[in-house]
1. Work out the length of the dipole vector of region 10-219 about its Cα centre, built from +1 on the beta-carbon of each Lys and Arg and -1 on the beta-carbon of each Asp and Glu, and round it to the nearest 20 debye.
2. Would you please put 143-152, 59-68 in order of how densely packed they are, using the mean number of other Cβ atoms within 10 angstrom per residue and starting with the highest?
3. Hey, can you rank 87-94, 26-33, 217-224 by average C-beta count inside 10 Å, highest first?
4. Can you work out ³J(HN,Hα) from phi for every residue in region 166-177, in order, using Karplus 6.51 cos²θ - 1.76 cosθ + 1.60 and θ = phi - 60°, giving whole Hz and x for Gly and Pro?
5. In percent, what relative contact order does the chain have, based on Cα pairs under 8 Å that are 6 or more apart in sequence?
6. Whole percent per 10 Å bin, from 0 to the bin with the longest distance: what is P(r) over all C-alpha pairs of region 10-219?
7. Just name one of Tyr72, Phe97, Pro115: the one whose Cα is farthest towards the positive end of the charge dipole of region 10-219 (beta-carbon charges, Lys/Arg +1, Asp/Glu -1).
8. State, to one decimal in nm, how far the label point of Asp143 lies from the label point of Arg226, with both points 7 Å from Cα in the Cβ direction.
Amino acid sequence: MKKYYLCGHKQFSQFKPKQMSSKQLNCPSCGAPVELKYRFSKMAVCGYCGQSTHLTNENLEAKGDSTPLTDYGSKFSVGQEISLKGEKFEIVGRIRFTYPSGFWDEWFLINDKNPETEYWLQEDEGDYILFGRADDSGISFPDFTSTQVGSTQQYADEAVFVSEKNTAEIMGGEGELPFQVVKGEQANFIDGIVVGKGTPVSYEYLPKETLLYVGFEVQLDDISIRK
Ligand SMILES: [Zn+2]
């Protein structure tokens, strides 16, 4: 899978639009059609019955419990098209994490000009960060157990100041997602800021994989809903 650094929205224009390839599958519980719009999606939650499924050998298999996420009045929902700094994104999934001091949502976005890259809009008590999956070749993930908040970690040729380390529980999801998780599983994460640049970096340690994301803060006013 080809991954890109998210270098800021100006870089989007370098990518040419590609044909979006979506997969049409059926929910193993109710038989309803389930469309996967992102080529690398690995799980989906049925929009009809709420069954959580994992994609295995091009088929959806029922995995784990399925409870709809409680709505809390976000302006976003799966299926919307949004504009962010002049770029068009479609919201194709959402995952909710819970931790001792509350919960937050991550909206999974695809961009029509760069359809092979994962984007996430993190929504946490009115704060928004747009993250893109980053190329982690040559990047060593900090050791989760020994890394301390306030320390500085090497990040390629730069340094990351560790601002948060926590363990969250996966509370549920909807739409499609590019990794496989089951409700109730735990995910560790380390968040930091590139020293001298202020770029948010997030190291995520999921049960089956580690993921690196790089982003930038956005204001709610920067995002408009197209439809
Ligand atoms: Zn279903």
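FYI, it's all coordinate maths here, none of it is from the lab. Every value quoted in this text rests on a predicted model; they were computed, and no experiment measured them. Quick reminder, even Gly has a Cβ in these numbers, built from the backbone with ideal geometry, and neighbours come from all protein chains shown.
1. My answer is approximately 580 debye.
2. On the way: 143-152: 10.6, 59-68: 14.6.
Put in order of decreasing packing, that is 59-68, 143-152.
3. For the peptides 87-94, 26-33, 217-224, the packing ranking is 87-94, 26-33, 217-224.
4. Each residue of region 166-177 in turn: 7, 10, 10, 10, 6, 8, x, x, 8, x, 10, 9 Hz.
5. Once divided by the residue count of the chain, the mean separation gives 21 percent.
6. Binned Cα distances yield the sequence 8, 34, 37, 19, 3, 0.
7. The Cα lying farthest towards the positive end belongs to Pro115.
8. According to this spin-label approximation, the distance is 4.7 nm.
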